[in-house]
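Trainee: Here it is, the structure in full.
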Amino acid sequence: MNAEAKGGRSAQLKHTGLRPGWTTGACATAATTAAYTALLTGDFPDPVTITLPKGQSPAFALAVEELTAQGASAGVVKDAGDDPDVTHGALVRSTVRKLPPGSGVVFRAGPGVGTVTLPGLPLDVGEPAVNPVPRRLMREHVERVAAEHGGTGDVEVTVSVDHGEEIARSTWNGRLGILGGLSILGTTGVVVPYSCSAWIDSIRRGVDVARAAGLTHVAGCTGSTSERTVVAEYGLPDIALLDMGDFAGAVLKYVRRHPVDRLTVCGGFAKLSKLAAGHLDLHSARSQVDKPFLAALARTGGANEELASRIATANTGLEALRLCEAAGVPLGDLVAARAREEALSVLRGAPVAVDVLCVDRAGVVVGRG
């Protein structure tokens, strides 16, 4: 078997031996698709099949369904696979009702889904905590159902999660100003499970396969968005992509012992700000974005004390970045440069050239180091 067939991010994920699951966003999309289909046809598709951003077409069994004169509701039980996700087993519901032509798709937060109350998130204050990619997925599936069954696609979609407010107490939502319940999340629709040991072993396997294939440039990526950015920037093949996840230290320590000519570290601005601050485990349960650290870093880039104070009390790392962008302070570059310094310190003189890319949620590069 050649190295291309054995390596790369997909093979790395399979190597963990853990069963993947589905995000709350995928579950909400399935429930919305079933509910809108029933609203137009009188029948609920069960199971209901959806198409995810990377082309997978999973089928979801319906746990609940209800059709009334006011609208249609369907619910899907979330299966997180082997991931220790607090929302595993939660019932995600969607209620769809028709709106006047030209209304488009309007999202509402039902019981158990939070509302955004602070700036710094990819949603406006006052919006239901249904993230951008799940919104896009639901809109696409509403359009598809409308085209198939003669609807207008103008609907109100109310997403709810049974016991979601209680479950949310085990998340960071409250600190982020998401009140009243959970966020509906997911960029790929797939929950990628991990155990620390299995994930770190898969990183090592990815490095070994890339080296065996003669590659001189590999990239450690925190997720699918940063992976797409690296491919666009450098044209790297799949075999060169390491799904680093939160384990920046695992990549750096293994590359130190098994060098490649060049390592790119690419990830979300907030996660890489943790690396810049000296954290090698970027998981939210084990390290947090240090806003006073960002404020101090911004001062070195020309931030005045008023701006530094606002950064230090920002709701999220993204809000701190946007404040600096508006003021012309290159916080993204400063974080990337400091993250590169931390990476080089872990490499301890190993013959590896390092560059760092910080990206925002859309994959736009906001910092280079």
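A short reminder: the numbers here are calculations on the coordinates, not readings from a lab. Every value quoted in this text rests on a predicted model; they were computed, and no experiment measured them. Methodologically, a virtual Cβ is constructed for each residue, glycine included, from the backbone with ideal geometry; neighbour enumeration extends over all protein chains shown.
Trainee: Using square roots of five times the C-alpha gyration tensor eigenvalues, list the equivalent-ellipsoid semi-axes of the chain in whole Å, biggest first.
Mentor: Largest first, the chain gives 38, 26, 17 Å.
Trainee: Go ahead and set up a Gaussian network model of the chain, Cα springs under 10 Å, then flag whichever of VAL125, VAL335, VAL218 fluctuates most.
Mentor: Looking only at VAL125, VAL335, VAL218, the largest GNM fluctuation is found for VAL125.
Trainee: Averaging the inverse of every distinct alpha carbon separation and then flipping it gives the Kirkwood radius. What is it for the range 195-366, in angstrom units?
Mentor: Details: mean 1/r = 0.0620 Å⁻¹.
It works out to 16.1 Å.
Trainee: Per 0.36 nm of contour for each residue apart, how much would the distance between ARG257 and ALA312 grow if the chain were fully extended, relative to their Cα-Cα spacing?
Mentor: 16.1 nm
Trainee: Next question. Compute the signed sum of charges (Lys and Arg +1, Asp and Glu -1) over the other residues within less than 13 Å, Cβ to Cβ, of SER309.
Mentor: Residues close to SER309 contribute a combined charge of +1.
Trainee: Specify the residue with the greatest mean-square fluctuation among GLU65, GLU140, GLU148, computed from a Gaussian network of the chain linking alpha-carbon atoms under 10 Å apart.
Mentor: Sorting by GNM fluctuation, first place goes to GLU148.
Trainee: Here's something else I'd like to know. For every other residue with a beta carbon closer than 13 angstrom to the beta carbon of ALA326, add +1 if it is Lys or Arg and -1 if Asp or Glu, then tell me the sum.
Mentor: Charge balance near ALA326 sits at -1.
Trainee: Here are some pairs, LYS78/LYS253; LYS253/LYS274; LYS78/LYS291; which of them have Cα atoms lying more than 28 Å apart in this structure?
Mentor: LYS78/LYS253; LYS78/LYS291
Trainee: Next question. Roughly how many Å is it from the Cα centre of the range 203-253 to that of the range 115-163, as a whole number?
Mentor: Taking the Cα centre of each part, the range 203-253 and the range 115-163 sit 33 Å apart.
Trainee: Counting Lys and Arg as +1 and Asp and Glu as -1, what is the net charge of the other residues whose Cβ lies under 12 Å from the Cβ of ALA146? The partial results should precede the final answer.
Mentor: Numbers: positive: LYS98, ARG139, ARG144; negative: GLU140, GLU143, GLU148, ASP154.
Result for the neighbourhood of ALA146: -1.
Trainee: With labels modelled as points extended 7 Å from the Cα through the Cβ direction, what inter-label distance (nm, one decimal) is found for VAL86 paired with LEU67?
Mentor: Going from the VAL86 label point to the LEU67 one covers 3.7 nm.
Trainee: Calculate the spin-label point distance for ALA232 paired with THR152, positioning each point 7 Å from the Cα along the beta-carbon direction, and give it in nanometres.
Mentor: Each label point is offset 7 Å from its Cα along the Cβ direction, giving 3.5 nm.
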